[in-house]
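Accompanying notes for the structure given below.
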Number of protein chains: 4
Amino acid sequence: MARARLRDLGIATGSLPPGRWNAITDVPGVRVGTTTLIRDTPSIIRTGVTAIWPRGPELWTDAVFAGIHSFNGNGEMTGWAWIAEQGLLASPICITNTQSVGVVRDAVCALSVRDNPSTPWVLPVVAETFDGWLSDATSFPVTAEHAIAALDAAATGPVAEGNVGGGTAMICHEFKGGTGTASRVVMAAGEQFTVGALVQANYGARELLRVDGVPVGREIGTDVVPSPRDAPREAGSIIVVLATDAPLLPIQCQRLARRATTGLAWVGGIGFNGSGDIFLAFATGNHMRQGEAISALRMLSPDNMNSLFQAAAEATEEAILNALTAAETMTGHAGHTAHALPLDRLVDVMHRFRPSR
Amino acid sequence: MARARLRDLGIATGSLPPGRWNAITDVPGVRVGTTTLIRDTPSIIRTGVTAIWPRGPELWTDAVFAGIHSFNGNGEMTGWAWIAEQGLLASPICITNTQSVGVVRDAVCALSVRDNPSTPWVLPVVAETFDGWLSDATSFPVTAEHAIAALDAAATGPVAEGNVGGGTAMICHEFKGGTGTASRVVMAAGEQFTVGALVQANYGARELLRVDGVPVGREIGTDVVPSPRDAPREAGSIIVVLATDAPLLPIQCQRLARRATTGLAWVGGIGFNGSGDIFLAFATGNHMRQGEAISALRMLSPDNMNSLFQAAAEATEEAILNALTAAETMTGHAGHTAHALPLDRLVDVMHRFRPSR
Amino acid sequence: MARARLRDLGIATGSLPPGRWNAITDVPGVRVGTTTLIRDTPSIIRTGVTAIWPRGPELWTDAVFAGIHSFNGNGEMTGWAWIAEQGLLASPICITNTQSVGVVRDAVCALSVRDNPSTPWVLPVVAETFDGWLSDATSFPVTAEHAIAALDAAATGPVAEGNVGGGTAMICHEFKGGTGTASRVVMAAGEQFTVGALVQANYGARELLRVDGVPVGREIGTDVVPSPRDAPREAGSIIVVLATDAPLLPIQCQRLARRATTGLAWVGGIGFNGSGDIFLAFATGNHMRQGEAISALRMLSPDNMNSLFQAAAEATEEAILNALTAAETMTGHAGHTAHALPLDRLVDVMHRFRPSR
Amino acid sequence: MARARLRDLGIATGSLPPGRWNAITDVPGVRVGTTTLIRDTPSIIRTGVTAIWPRGPELWTDAVFAGIHSFNGNGEMTGWAWIAEQGLLASPICITNTQSVGVVRDAVCALSVRDNPSTPWVLPVVAETFDGWLSDATSFPVTAEHAIAALDAAATGPVAEGNVGGGTAMICHEFKGGTGTASRVVMAAGEQFTVGALVQANYGARELLRVDGVPVGREIGTDVVPSPRDAPREAGSIIVVLATDAPLLPIQCQRLARRATTGLAWVGGIGFNGSGDIFLAFATGNHMRQGEAISALRMLSPDNMNSLFQAAAEATEEAILNALTAAETMTGHAGHTAHALPLDRLVDVMHRFRPSR
């Protein structure tokens, strides 16, 4: 069965409608780019960089609001301090492998020197998950050029999923994981807003995997589709980036980010100790232009945030599942193989657990 | 069908075994007491106080470690500052209604004056959920004597659930909610530890209610069992108290508390804006005795915490479900009625969604 | 020498100009009221309540933004969770003694029932410092009526300092402490803003007391003015409330609150373990009216906050010093006496340490 | 007048005694190394790397406890998430310039691959301050080799101060700043402990500079010693690393880190908006060895922490002043010159403001 998105399999999770591409790029202005490195010499590399632009290049001087929540902080997200302090994000976000956070972080500085020279410094946001089971991570395979290529390639429209970008060599619920995305469209305060999620999913135990509540991981088991048993299943991570065009304040972005926990829980993530489960939410609905002494803002009232909360949870859930259904079986470093979630088995289990009406 | 605990209905959630009473009191030394106020004159009162002692009365001078996580802070938990600062808890925890937090808080001070006079002050931990839809909350029905009665009545053994204590007039997923508890027994680092949860469950939308992943709320709907539609369904709260006898540090108690989010998500809580979803975890495995200049402690290594994390999520999930299955239909203030979760319907839905083998 | 404000003694700290009353009430709309309890039967009581209204009574339905910083959390400030979550404050702030936090907290609920009945609940902010050395604190002397009297008495204009309100029995740097206030007027983004501070100062060691950098505490010593040596000098607290009319977001109020640490450090506070050094800042420059789905806001740009930061530090510093210079020697519970800072000695030391030009 | 340490000038701040070297290396096991880059071609570079080892190389498998406080988070400290989560630090700390955080961060990963190959990944702690006014920062002058050289060169004993390591091109209170260190020895719980500080000081306004409370910055003014007026005086940063051998828990390290705010305030730092004022404290008094399922720990009781708090504030204060008195006038990038604090003027002002007895 060819790899597919979850909805292409006739499986829908949540109750809110997705956007046009069911992707983080449904939020107007958001762009995603990836660099994927797959090579077998001199050592076996399966890695990459995923870049997310909250706005077009005007982002350098027209910041968005952002907030971070760490559900389990055994990971890295640079740029944390300024987002916690003032909630402003004025540079693109990257996700890569654990050992390459630094080079990608400095590459964003270099991009700022190239494209935004009047600003003396930026505080880039770069997050990571570990891919050393399928990739020779300790060879430090990512270069600044790789990161800049992903940043320069960013575009709106459908987003590549599965074994791409920073998500290339992920393992999720002991199946092959990767990059996934989804979105939801909601009404709040009489206006229509979109919430999108992009995940780099590299966490979890098979027996905890659920799809729309159905215990898919337990049902599939490990007989037919072996688990990468020596892979550090409790040592993965998941990075969730949430985007919305709603006019949220920084403190409201923090609230939105916390809801990624809910979507993650629905799929079966409980934040194992070794996991870096770090979530960032940004909101493009306000503009804080460089040099502006006082910015005119709008704030969605707190009691109008509920649909956004549900959307954040649902988009996170489906983005993870899209990573699982899109990712293909991969063999890599040290002869390790991570098997893809078998889609026929998935569909079969879902049918067995959902009564016909 | 008589009210029951979830497991009495043949429904088990999670995979870890519960303790003897499947209650927070399975953690050695933990005691629970309740005062329940149900009266119809001069106004209709449905409220109470739930008291939790992490240890026996030696708690006043032999503190436990504790940590707090606020998933959605539209609520109150006094004593927050000192637990965030140093992670020490040396007084019992109470849960009551929103308008009575103060009187209960000062009652714990009074109890300290009575039983622990050598300590000049304490910083009591009192949390709340709102019960004004079924109870005349603005009459401030709880007195210091009610609180002290709950504190003095605390005992080990089975814990009363449903319409008792602070949980008396709760509404949960638009059914009658209340007080619930559960526990899990795990092995970690070669030792056996217990994790217990007690919840005061007053939150949530019916269509989001899940039991072991099955969309019970959506299936039952509102035709036969009407929802309290004018009740502030997005304005509830849930307080979760987690207990363990594992030797955790304060920072590890914070980590445990965050896992209540996962259990809550499994049942269908997404942290509506109006909800005070505040979780406290305490660990009795270490002793910090008053006057001790240097305390000898043990710390469970972080990578041995995974079973505790799962236990915390599972105990929270089942404690909420026990609140729902134990609580009886209640009519109260202003003629309002909150209907109990119909157990026959619950069992029926579960059967339809779980394939026979 | 009669008690005085610091500036009346010819001593000015900081470099920014104060407002008209050099008080928190210089921030337009801010009102302060106090109830002071001084009686000798049936037991010796020296306590009270200080109430601060960020706006007029429209506050109930027109919230201000707020943020909290705990420099050392051995204390209590109720209402923390919602301010941390969403940064909204829609009820008045009270400060009282440690044992009376609860009764004052519920009194604010009762006031809301009286004056704001359409809102089902509020989450009052009540903070405390311990006054049990000069007052029979364990008799729980404060009643709801005392709190409501302070709240109803709130007014603009000069603010009573020293032995008044919640600050009645304070001890600060081993002198008699109490309530103090100060303000600063600054320009930012081409507009004029005011920052005001009100403190309840009950902390500190004498040898660390500084006035404009001069080691006043060390110079005065304990020979002539004995220290209340058995008073819990390392067990005090300081509550700082900062107000501004600048258009700050919640996250910016958190930033402002952290600067109280700087002002406190300048006077000699280092956050002893037993001290509850908790700071709240609110900003009236924006309006979030109940029922408003989207609020139009303004945000002062971050790089225009520096003058506010300095103003917050300076106002905190001078407010503490005003508490010290205003407070009179007090004899209370158990025959204890706390001696006032001797103003003639203060002036003399300042002259010796400041070279004539 | 030759550059000197503050105490060599006859000026002592604080009241606690320093350790043998009055340096962070007075804490047993702590080692410091620096790489300093000063060259004029192809562009003018004034930068470097400072490395701090909390223990010897056994650190990789014998972690220390740590805690972070961000007083003003306009900066970067990688590794934050894991320290916030679990408070464990198992790799050396580096400080460098803003644009080189990434390369130094990955260099620590590379060092772990070299020296600690059995551990699949580390989460390095690298912090920064901006040096682009005196150095061509956007040429990304630091390499992995530079970082590893600093790490390999780390030693106990006296620590180089002033224009060295990451502190090479700092500007502090509009004088030449840099690297500084100091320590204090205290008794707590009947044992002797040391608290050391190392700062990279690059912040502040001249008129706010104080030495032992004396307004040195205002007195020296800008007539004789011009200020680098176009340098971003409100855009600097200060990184403070605090070390102690006391047996503190992670939550207690957080408390210690917050006290750097007090020492900073005493010198005149108020956390300007553009400043990354981030403080990390670690405690070597406990051992958490890799593979250990349960660690035996000791905890200093909270009420025995006061002397450590004062020591942290005093060591931070003196470390900053040592940076100022050690740093020499530097001319660099774009013809910019930062003038050293004139020591003769400093001594003169101190004499004028301190009365003879």
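Per-structure values
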read-out: Selection count where residues are in a strand (DSSP E or B) and either open to solvent by 20 Å² or more (accessible area, probe 1.4 Å) or touching a Pro at 6+ places or on another chain (Cβ under 7 Å) (or both), scope the stretch A:104-131; value: 0
read-out: Pick from the stretch C:318-345, criterion more than 14 Å from residue C:178 (Cα to Cα), part of a helix (DSSP H, G or I) and touching an Asp or Glu at 6+ places or on another chain (Cβ under 9 Å), ranking: farthest from the other protein chains (Cβ to nearest Cβ); value: C:345
read-out: Residue match in the stretch A:84-94 (condition: within 9 Å of chain D (Cβ to nearest Cβ) and crowded, with 24+ Cβ neighbours inside 10 Å); value: yes
read-out: Test: residue C:191 is of a type in the set (Asp, Glu) and modelled with pLDDT of 95 or more; value: yes
read-out: Unique match (being farther than 30 Å from residue C:133 by Cα and either at pLDDT below 95 or open to solvent by 40 Å² or more (accessible area, probe 1.4 Å) (or both)) among C:56, C:10, C:19; value: C:10
read-out: Yes/no for residue D:308 being open to solvent by 10 Å² or more (accessible area, probe 1.4 Å), among the aliphatic types (A, V, I, L, M) and within 14 Å of chain C (Cβ to nearest Cβ); value: no
read-out: Residues of the stretch D:268-291 that turn out to be crowded, with 24+ Cβ neighbours inside 10 Å and either facing another protein chain (nearest Cβ under 10 Å) or free of Cβ contacts under 8 Å to residues at least 12 places away in the same chain (or both), as a count; value: 9
read-out: Subset of the stretch A:137-160 that is open to solvent by 30 Å² or more (accessible area, probe 1.4 Å) and not in a helix (DSSP H, G or I) - its residue that is nearest to the other protein chains (Cβ to nearest Cβ); value: A:140
read-out: Residue among D:329, D:325, D:261 that is open to solvent by less than 10 Å² (accessible area, probe 1.4 Å), touching a residue at least 40 places away in the same chain (Cβ under 8 Å) and in contact with a His (Cβ under 9 Å, 6 or more places away or on another chain); value: D:261
read-out: Residue satisfying all of: in the stretch D:115-135; free of Cβ contacts under 8 Å to residues at least 12 places away in the same chain and more than 7 Å from chain A (Cβ to nearest Cβ); nearest to the chain's Cα centre (by Cα) among these; value: D:117
read-out: Residue match in the stretch B:235-248 (condition: modelled with pLDDT under 95 and aliphatic (A, V, I, L, M)); value: yes
read-out: Selection count, the stretch A:245-287, where residues are in contact with a helix residue (DSSP H, G or I) (Cβ under 8 Å, 6 or more places away or on another chain), farther than 17 Å from residue B:72 by Cα and among the β-branched types (Val, Ile, Thr); value: 3
read-out: Filter result (more than 22 Å from residue C:269 (Cβ to Cβ) and among the small types (Gly, Ala, Ser)) within the stretch C:318-338; value: C:332, C:334, C:335
read-out: Which listed residue, of A:284, A:329, A:337, is β-branched (Val, Ile, Thr) and within 18 Å of the chain's Cα centre (by Cα); value: A:284
read-out: Yes/no for residue D:101 being open to solvent by less than 10 Å² (accessible area, probe 1.4 Å), assigned to a helix (DSSP H, G or I) and either more than 8 Å from chain A (Cβ to nearest Cβ) or touching a Phe, Trp or Tyr at 6+ places or on another chain (Cβ under 8 Å) (or both); value: no
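The values are calculated or read from the model by the stated rules, or taken from the named source; none is laboratory data. Bear in mind the structure is a predicted one, so any value in this text is a computation, not a measurement. Reconstructed Cβ throughout: ideal geometry from the backbone, glycine too, with neighbour counts over all protein chains shown. Areas reflect the complete protein model, heavy atoms only, side chains present, ligands, DNA and RNA absent. Shrake-Rupley method; radii C 1.70, N 1.55, O 1.52, S 1.80 Å.
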